[in-house]
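Encoded as structure tokens, the structure appears first; notes follow it.
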Amino acid sequence: GHLKHMRKHGHDLKHEHPRRSEDPPTALLPGGQCPFLTNGTCHAGQETKPTYACGEGCGLCAPLGKHCSRRPCGSWTLKLRGTGGKFFREAVLLSLLERAAVGQSEGETLGHGPTAERLKTAKALGSARILLIRDPIERIMSRYWFEGRWNTFKTPTNESAVSIEDWLQQARGRAKGTRVWTSVENYYVKTLASCGGVGVACKTEQQQSSTTATTAAAVGAVGGKELEIAKNVLEKEFTLVLLTEWLGSEAQRRLVASELCFEWPRPVLRNRQGEMRAVPELTPKRAAGGHSATRPAAGWEVPSNPQTYARLLRENSLDLELFQYASQLVKRRVHSTQGAAMAAALPRLNVTEKLQYLRE
């Protein structure tokens with residue numbers, strides 16, 4: 001009956017193409033209740049049916065944690081490409097919430113009307129608002145090895161490989177309006193600063209010297225003003241900011257458990273074979289960076305040509321600063337919820353060295 005109710009009210013419960021955006025429920029029931037959980041309310045009870053299958057019962061697919069009394073009424077993720085959002089959705093969110101309550105948007109800046117509206121709706125519903133962010137240079141190199149080095153329909157060989165320089169040149173300036181699907185220049189800042197939106201040209205006196213007239217016309221150059229907007233949005237609009245590099249760290253695991261209200265780790269779900277498994281799982285099953293069978297075992301994170309690397313750093317200088325700010329934000333949140341020792345135990349990042357390289 002619950003799933004029929006969802007379909008009746010226009011909720012698509014099917015898997016969607018990654019280029020599409022998924023809507024969370026668009027309206028609250030009377031009294032501000034969540035329309036996608038049993039009896040329209042988020043509550044602290046256990047499952048109402050003797051089954052461990054997500055999508056049946058009250059929507060709290062895993063029991064609540066001892067430290068909290070309520071799980072957020074769903075989630076919405078601003079999915080930044082190449083940061084692990086798909087993994088996090090499948091390994092974590094769909095283990096804790098019904099599929100219909102897990103929304104996301106991808107490939108557009110917050111200047112995109114429907115994307116901005118989804119964020120607004122998620123906030124009104126009390127949903128967890130999630131963003132994963134990754135070292136911007138490694139994100140770009142990951143996309144290169146995943147979708148740029150070889151044409152989708154060609155066998156991966158040295159002869160059919162596209163160089164990183166050619167791929168970057170093709171990708172530069174292809175973003176139009178709010179669409180930043182292939183962006184390789186300050187992608188994070190453009191996304192969070194709503195570039196391309198109505199009245200948001202993202203052109204400032206601090207335009208990057210590497211930005212061409214083509215890209216400036218397409219999405220707009222970004223500078224210090226947009227960086228500050230992006231920092232503010234990151235901190236105030238997202239209840240759960242995560243670093244891809246720290247997904248396996250104990251401190252960030254606990255941060256996720258605190259926000260999404262579950263115990264870590266413990267077996268909570270039974271599969272069709274009757275086996276119990278720990279949910280959620282925060283350890284990636286494969287190394288990041290694209291096709292593991294075709295990329296180098298090491299060194300794939302940096303272009304081999306020093307000039308290419310230097311230009312990539314310049315074109316993403318603001319994203320590097322935003323990534324550093326995000327790491328500091330996560331550390332502050334860990335410190336406030338778990339103490340100084342856990343914050344200090346977070347793995348070291350090399351973003352400081354990259355920023356120093358730019359300043360020299």
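Answer with yes or no whether Ala257 is buried (at least 18 other Cβ atoms within 10 Å of the Cβ), modelled with pLDDT of 95 or more and within 30 Å of Arg70 (Cα to Cα). Break it down into steps so the answer makes sense when it comes.
On the way: buried (at least 18 other Cβ atoms within 10 Å of the Cβ): yes; modelled with pLDDT of 95 or more: no; within 30 Å of Arg70 (Cα to Cα): yes.
In short, no.
Out of region 337-360, which residues are of a type in the set (S, T, N, Q) and out of contact with any helix residue (DSSP H, G or I) (no Cβ under 9 Å at 6 or more places or on another chain)?
Passing the criteria: Asn350, Gln356.
Determine whether Gly173 is assigned to a loop (DSSP other than H, G, I, E, B), open to solvent by 50 Å² or more (accessible area, probe 1.4 Å), over 19 Å from Glu106 (Cβ atoms) and not β-branched (Val, Ile, Thr). Give the steps one after another, and end with the answer.
Details: assigned to a loop (DSSP other than H, G, I, E, B): yes; open to solvent by 50 Å² or more (accessible area, probe 1.4 Å): no; over 19 Å from Glu106 (Cβ atoms): yes; not β-branched (Val, Ile, Thr): yes.
In short, no.
Within region 342-352, work out how many residues are open to solvent by 80 Å² or more (accessible area, probe 1.4 Å) and in a helix (DSSP H, G or I).
1
Restricting to region 77-103, and then to whatever is part of a strand (DSSP E or B) and modelled with pLDDT of 95 or more, can you tell me which residue is most open to solvent (accessible area, probe 1.4 Å)? Spell out how you get there, then give the answer.
If we filter region 77-103 for residues that are part of a strand (DSSP E or B), which is where we start, we get 77-79, 102-103.
Filter once more, keeping what is modelled with pLDDT of 95 or more: 77-79.
On the way: Thr77: 10, Leu78: 3, Lys79: 29 Å².
Residue satisfying both the conditions and the ranking: Lys79.
Give Ser127, Ser183, Ser210 a once-over and let me know the one that is over 26 Å from Glu321 (Cα atoms), open to solvent by less than 30 Å² (accessible area, probe 1.4 Å) and either of a type in the set (Gly, Ala, Ser) or at pLDDT 90 or above (or both).
Values: Ser183 fails: over 26 Å from Glu321 (Cα atoms); Ser210 fails: over 26 Å from Glu321 (Cα atoms).
Testing whether each residue is over 26 Å from Glu321 (Cα atoms), open to solvent by less than 30 Å² (accessible area, probe 1.4 Å) and either of a type in the set (Gly, Ala, Ser) or at pLDDT 90 or above (or both) leaves just Ser127.
In region 186-205, what count of residues is obtained for those that are surrounded by fewer than 20 Cβ atoms within 10 Å (Cβ to Cβ) and on the phi < 0 side of the Ramachandran plot?
Matching residues across region 186-205 total 7.
Considering only residues that are over 18 Å from the mean Cα position of the chain (by Cα) and modelled with pLDDT of 90 or more, look in region 136-168 and name the one that is surrounded by the fewest Cβ atoms within 10 Å (Cβ to Cβ).
Glu165
The values are calculated or read from the model by the stated rules, or taken from the named source; none is laboratory data. Just so we're clear, the structure is a prediction, and the values are computed from it rather than from any experiment. Every residue, glycine among them, receives a Cβ derived from its backbone with ideal geometry; neighbour counts consider all protein chains shown. In case anyone asks, the SASA skips ligands and DNA or RNA and just uses the protein heavy atoms, side chains included. Shrake-Rupley method; radii C 1.70, N 1.55, O 1.52, S 1.80 Å.
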